[in-house]
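The values are calculated or read from the model by the stated rules, or taken from the named source; none is laboratory data. What you see is a predicted model, and the numbers here were worked out from it, not measured in a lab. All Cβ positions, even for glycine, are placed from backbone atoms using ideal geometry, and neighbour counts span all protein chains on display.
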């Protein structure tokens, strides 16, 4: 028990605390041709996932993203999967269609979305944005979905 407590304390001390900050004022262009300004989603909890069809971890986590989206969508939760600029659009379209992705998928053809979210280069990178438009979580790599879902649950319970 003491060893577990010391390990948890050491990990917490080594992990930089994420500071909440406003999400960038960006506009997503979905694969369906929809233009979606981020500020139009105010009042909802939003998950933004930067991914690529060539990213093994991205493909591995996709069923979990689908399950999370389906679990919370009816309660004011949205998911946007942003394909990285190097991902060929036809592969993104094929993947989204073949896997019946239930959420919005966006292109980032020149990397402006990745730049706006902090010059992202690593995939997957996932953000959770609260109802007020603040980024409350950033995860590089596959998230712990149990913790992610608990955070989404808590943010959905907050007043907008």
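Take the conditions over 14 Å from the mean Cα position of the chain (by Cα) and farther than 30 Å from residue 159 by Cα and apply them to residue 91. Does it pass? Yes; evaluated as a whole, the condition is true for this residue.
Any idea which of 40, 25 is in a loop (DSSP other than H, G, I, E, B), at pLDDT 95 or above and closer than 17 Å to residue 127 by Cβ? I'd like the intermediate steps shown before the answer.
Values: 40 fails: in a loop (DSSP other than H, G, I, E, B).
Only one candidate passes the filter, namely 25.
Checked against (1) under 11 Å from the mean Cα position of the chain (by Cα); (2) under 15 Å from residue 79 (Cβ atoms), residue 140 passes all but a single condition, namely (2). Of the residues contained in the range 2-13, none is found to be more than 25 Å from residue 88 (Cα to Cα) and either in a loop (DSSP other than H, G, I, E, B) or modelled with pLDDT of 95 or more (or both).
Could you check residue 159 against (1) at pLDDT 95 or above; (2) surrounded by fewer than 19 Cβ atoms within 10 Å (Cβ to Cβ); (3) out of contact with any strand residue (DSSP E or B) (no Cβ under 7 Å at 6 or more places or on another chain) and say which number it fails? That leaves (1) as the condition not met. Condition check for residue 47 on (1) within 19 Å of residue 122 (Cα to Cα); (2) more than 15 Å from the chain's Cα centre (by Cα): one failure, at (2).
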